[in-house]
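What follows is a short report on a single structure.
The values are calculated or read from the model by the stated rules, or taken from the named source; none is laboratory data. This one's a predicted model, so the numbers in the text were calculated from it and none came from an experiment. Neighbour counts run over all protein chains shown; Cβ positions are idealised from the backbone, glycine included. These accessible areas exclude ligands, DNA and RNA; they are computed on the full protein's heavy atoms, side chains included. Shrake-Rupley method; radii C 1.70, N 1.55, O 1.52, S 1.80 Å.
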Amino acid sequence: MSLRRPVTSRPSLPTKGPSATIPKKPKWVTDFAYISGHHKFLLSTGSRELMFYEASTFTPHSQITGLETVPFRIDCYSSALKVIVVLGDLDGCVTIFQFTNIEQAFSRWKKLPKVCGLPSVSAEEVLRTDSVKFTRWKVHNELMNEVNYVPALHSVISCSSDPVNSLVIAKVEGSTQYEKAMRELKHPRKTPYKAYLPARHHFDGDQRIFRVSQGVKTFAFSQRLKTLVTGSRDHTIQLWDPYMPGKPIAVLRGHTGVIVYLSIRQHTAQLISVCHGKMVKVWDLVSHHCLLTVQANAHKIRSEVQAVCYHQQDNYIAIATDQIGILRLDDDPVDDQES
């Protein structure tokens, strides 16, 4: 393991002159995602908005306003055929937008009247578009900690601190979606269009529920290894068979704080975990042994953890506090190595 000197750079954005296109009103940004293939960043805000930015210039493009609730977590999936945007909100609901022609939508939204300096379209208007499919599910009883769309399963994995519905793997379009479509074919809607309907509940056959006594703070999933890993507030990590939610396969102990980040190294069947106290561990997913422990006083990254990201190809961990520290890991750590 080696440590690169922490980086403390802060990007500067134009605020004066003709290039000043950033909205003047401050926004509380709750999360962001990159829409691959379309060169856009997507930001969710506390003002119930989705804001699109050009990835190459970081300039605002357009925004969707008037969401039903505050989107707290966000994930995006992009393919040649569609873009799927998944939102996890403060009410424990999962909201899913499926765009089949988002480039056409971007062109149309760019020409709309501006609100706070950005071309804006209301969520209700977006949902009236034939190329957009919308679903909203009631999943958790508390706010969402993380949400992730899994293309191989066409499902959404979400977690919260809810001890009952701690982590849920649920289909994007459940049985209720099919039944509703059949009803509308037989009985066309006669009432005025209403964009938002109450969030629905999945049938038991359309979801798998994993229970952890203190809820789930973070998770990692590997379809290739058929492994689900959850991290809890009680400093433990649980390994699960993703198709058998009854009881974890193993419980990993050794962290001294809330688990804030998990990532699976698929080619080596290893797990990387980071806790709130900035301790980093590498585990063997087969033997369940700890292969490496990096104590907080070894890497000297200070302040509270805000974000963590593991780069698979270059085998390093980026930890963001009020600076960014880079930890490079050994390619083949030995059992119970500590630094």
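Measuring against 31 Å, Cα to Cα, the residue pairs Lys27/Lys217; Lys114/Lys138; Lys226/Lys281; Lys171/Lys278; Lys40/Lys247 contain Lys114/Lys138; Lys171/Lys278; Lys40/Lys247 as the ones spanning a longer distance.
Is the range 53-176 best put as rounded, prolate or oblate by its Cα gyration tensor, with a ≥ b ≥ c the root eigenvalues, rounded for a/c under 1.5, and otherwise prolate when a/b is larger than b/c, oblate when not? Since a/c reaches 1.5 and a/b is larger than b/c, the shape of the range 53-176 is classed as prolate. For the range 229-297, give the percent of accessible area contributed by carbon and sulfur heavy atoms, probe 1.4 Å, rounded to a whole number. The C+S portion of the solvent-accessible surface of the range 229-297 is 54 percent. Given R0 = 22 Å, the distance between the Cβ atoms of Met244 and Gln214 translates into a calculated FRET efficiency of 0.55. Three principal axis extents of the range 227-339 based on alpha-carbon atoms, in descending order, are 40, 29, 23 Å.
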